[in-house]
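Nothing in this text is a laboratory measurement; each read-out follows from the coordinates by a stated rule. Keep in mind the model is a prediction, meaning the values are calculated, not measured. No Cβ is skipped: glycine too gets one built from the backbone with ideal geometry, and neighbour counts run over all protein chains shown.
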């Protein structure tokens, strides 16, 4: 997949509003592979809605979203499964980890269907993030900041052309935020993938190609 | 096994209620066992009343007019009568008995003495004969007449006569090897033939010769004038059909080979088995409702995890797998346990049934197994359907 185009897209609930000041809603925006995008937003402007539309979770919008020129509104669940396994990876704002599994099991449950990383590569990422000792800890015994790092590692355990990061560093300090940036940049570059980061203030310190206000 | 399968199982087994599954297991086991017991009982008892090894009654009925007075019973069946019967949908085929219209003398050498007796022959179309043999044919000019005797005759001798007179019992094979002297006389002809017994019939209570021989002999030894049959054989799909008995009663025909009790017994058996099977089906339906509710509840309790699995790229069918597996294992074990129960109880009653019948009843589990497998497949398919529908529903875009 090479590009995502949003053509006159607007969430249903904003459709009747006349005072929308946005670089994305009701505009024509194209997101291209290989580039980095920062989407800044204040609360309640539909940031998570945008991620849900792009990831096929929700369809309550007007306008068209096109993947390589193809309208996604008709995609069936099997197609979305395919996209979620190899085209778009996401770090959810609420992470969507499984609390009763360990950190490593949370990674394996994904990596086992995509067969992307070896066990050693996974352990190396844990170490790089400074949570190498948490491999076998249950997720619900870890802090949110630690969980965010596990969720990112899981997001990297698949091929992708677009990486969606929904407030990826909200609970990270600057050091860890920089570590995350380095890993994200490295992994995205290796796949020639686009980075789409959303933020409500604090954002990863990347030299973004495009900055958009939602 | 792939790691993901173990991990999904670890995630989704939470909330599985052993108690609910146990209720389903027991309820469906009862239902399945009752249904299959009904089927097995039916296939075990049916041959006793109606089937290949006929004890009483059969799918073939022999009918006559009632004997009204001593003397010559002249009431016969007209062509119209026969045609009318052939048009009834509960009668598959009609065959007429032809009787010999000439003198028949049979003789046998016994202890150096010649014993002879007057005989008579009858014939019916070959399709109504229940003896399979290559020897059942007659060609013009042949000197050997194949004969079929009722098995009753042999039984009468073996179990009645010989036992009381200290005479040896005879087997069917021994009789088949004996040649009978047959003398036919009529229209100034008198010829000797050899009679050979080629088989024994459970269905037909008469001395049978091939139709081809009978029509030749009747024209050669008697005046060729077509005689009207006084006995008919009917092939019917269901001898218990009330329409059939109404029809026979209306025309004042008498069934010769069929005690009324057997059809009543068969009818009552069918009703009983139908009731048993209905109860079994009811049990199974209730148990399926329990399982369905249980699975729905289980899926509902795990809904967030199921959603998340689909969101990280799992296909709905992969997510459904553990649930499908549970129902598969449950239903297959129910089938297996229920078959074991049936075959164990079958041993208990088969002995008594065989004692009543007087011979070892050949029993076959195939019908029961087929019904069990089909029913189980149906339940499994239904379970899969609701599980997969529910999971697809969860996975759908909102």
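Inter-chain Cβ neighbour count for B:23-30, averaged per residue, equals 0 (cutoff 10 Å, partner chain atoms only). Compared with the dominant principal axis of the Cα atoms in chain B, helix B:260-301 is inclined by about 10°. Here the label points at residue B:296 and residue B:272, each 7 Å from Cα along the C-beta direction, are separated by 3.9 nm in the simple model. Size check on chain B: the Cα extents along the three principal axes, sorted descending, read 104, 50, 39 Å.
Indicate, rounded to the nearest 5 percent, the antiparallel portion of the DSSP beta bridges found entirely in the protein assembly as shown.
On the way: 48 of 74 bridges.
Antiparallel bridges: around 65 percent, rounded to the nearest 5.
For chain A, what is the mean residue ellipticity at 222 nm derived from helices alone (per DSSP H run of n ≥ 4: -39500 (n - 2.57); sum divided by total residues; nearest 500 deg cm²/dmol)? Display every interim value, and only then the final one.
On the way: 6 runs with 71 residues, N = 214.
Theoretical 222 nm ellipticity from helices: -10500 deg cm²/dmol.
The mean number of Cβ atoms from other chains found within 10 Å of a Cβ in peptide B:5-17 is 2, as a whole number. For the Cα atoms of chain A, what angle does the longest principal axis make with the long axis of helix A:103-114, in degrees from 0 to 90, nearest 10? So the helix axis and the longest Cα principal axis differ by about 60 degrees.
Mean-square fluctuations from a GNM of chain B, with a 10 angstrom spring cutoff on Cα atoms, peak among B:305, B:235, B:114 at B:114. In this calculation the C-beta distance from residue B:117 to residue B:230 is compared with R0 = 22 Å, giving a FRET efficiency of 0.45. Beta bridges per DSSP, both residues in the stretch A:3-213: antiparallel share near 45 percent. Relative contact order, whole percent, for the stretch A:3-213 stands at 31, derived from Cα pairs under 8 Å and 6 or more residues apart.
Give the residues of the stretch A:100-142 whose amide nitrogen is closer than 17 Å to a point set 7 Å from the Cα of residue A:186 in the direction of its Cβ. Hits in the stretch A:100-142 for residue A:186 at 17 Å: A:117-133.
For the stretch A:164-184 and the stretch A:1-47, what is the separation of their Cα centres, given in Å? Distance between centres, Cα-based: 23 Å. Within 10 Å of the Cβ of each residue in B:310-322, the mean number of Cβ atoms contributed by other protein chains is 5.
If you plug the beta carbon distance of residue B:174 and residue B:127 into 1/(1 + (r/R0)^6) with R0 = 41 Å, you get a FRET efficiency near 0.90. In this structure, residue B:82 and residue B:105 have a Cβ-Cβ separation that, at R0 = 25 Å, corresponds to a calculated FRET efficiency of about 0.20. Computed from Cα positions, the angle between helix B:18-49 and the longest principal axis of chain B comes to roughly 10 degrees.
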